[in-house]
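Take a look at the structure below.
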Amino acid sequence: MKILQNIIVFVLLPILLFLMYFFVYKYSRKYGTKPKNPRVLRFPRFFLVIPIFGFCFCLLYSIYILLFQFEDWPFIILFFGIFGFPGLFAFIAWSVWKVDIKDDGFVYRNFIGRKVEYKYKDLEYKQSKRYRSLKWYFYKGDKKVFCMPPYIDGDNLLYKKYRKYIKEEASNKI
């Protein structure tokens, strides 16, 4: 029984982790790093891989405890509470988040999946005073309605579309 336990811990677990990494790497190489539609902003793939690794590690460790050390079953609850469920929720939330850029505005889908459409004419662009060029916001009146995180690839496209729309509106008024 001890030999089988050592085989699972020191041989099969690293092989499974390597295979998970290989499939993620192969997936990212096959589909590239650029999004299919450049007008849709999403979280980087790295933000989706890490929670899945945490959840899979938790699942494998739970199976190991159930098979070989059943008296340690409270650790399953602890590991799922620390790694499993937060990782699963983070994966779902980061998969749902999206910004669809249009010529006159954008559609924002938050972590819960609720969609809100904003028009550039109703919004005002402001950079964060604290983070300078890293973080920026759209305000509607005095209310902050949208924050663009600094780690989103292609966020410059949203800024360019907003500036282009504002310049066109200013030239049309003249």
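For region 37-99, what's the relative contact order in percent, using C-alpha pairs closer than 8 Å and at least 6 residues apart? Reported relative contact order: 57 percent. Phi angles across region 165-171 convert, under the Karplus curve 6.51 cos²θ - 1.76 cosθ + 1.60 with θ = phi - 60°, into 3J(HN,Hα) values of 5, 5, 5, 5, 5, 5, 6 Hz, Gly and Pro given as x.
Taking 0.36 nm per residue of sequence separation and removing the Cα-Cα distance, the TYR139/PHE70 pair yields an extension gain of 19.4 nm. Checking the cross-link pairs LYS98/LYS173; LYS129/LYS173; LYS115/LYS173; LYS115/LYS144 against a 27 Å limit on the alpha carbon distance flags LYS98/LYS173; LYS129/LYS173; LYS115/LYS173 as lying beyond it.
The phi torsions of region 48-55, fed into the Karplus equation with coefficients 6.51, -1.76 and 1.60 and a -60° offset, translate into couplings of 8, 6, 4, x, 5, 4, x, 5 Hz, rounded to whole numbers, with Gly and Pro shown as x.
Site pair LEU157 and ILE50 shows an inter-label distance of 2.4 nm when each label is modelled 7 Å from Cα along Cα→Cβ.
Based on C-alpha pairs under 8 angstrom that are at least 6 apart in sequence, region 55-174 has a relative contact order of 13 percent. Here r is the Cβ-Cβ distance between ILE63 and VAL40 and R0 is 41 Å; the resulting FRET efficiency, rounded to 0.05, is 0.65.
Shown in residue order for region 117-125 are the 3J(HN,Hα) couplings computed by the Karplus curve 6.51 cos²θ - 1.76 cosθ + 1.60 at θ = phi - 60°: 9, 10, 9, 4, 5, 8, 10, 10, 8 Hz (x for Gly and Pro).
Bear in mind that the values in this text are calculations on the coordinates, not laboratory data. Predicted, not measured: the structure shown is a model, and the values here were computed from it. Cβ sites come from the backbone with ideal geometry, for glycine too, and all protein chains shown count toward neighbours.
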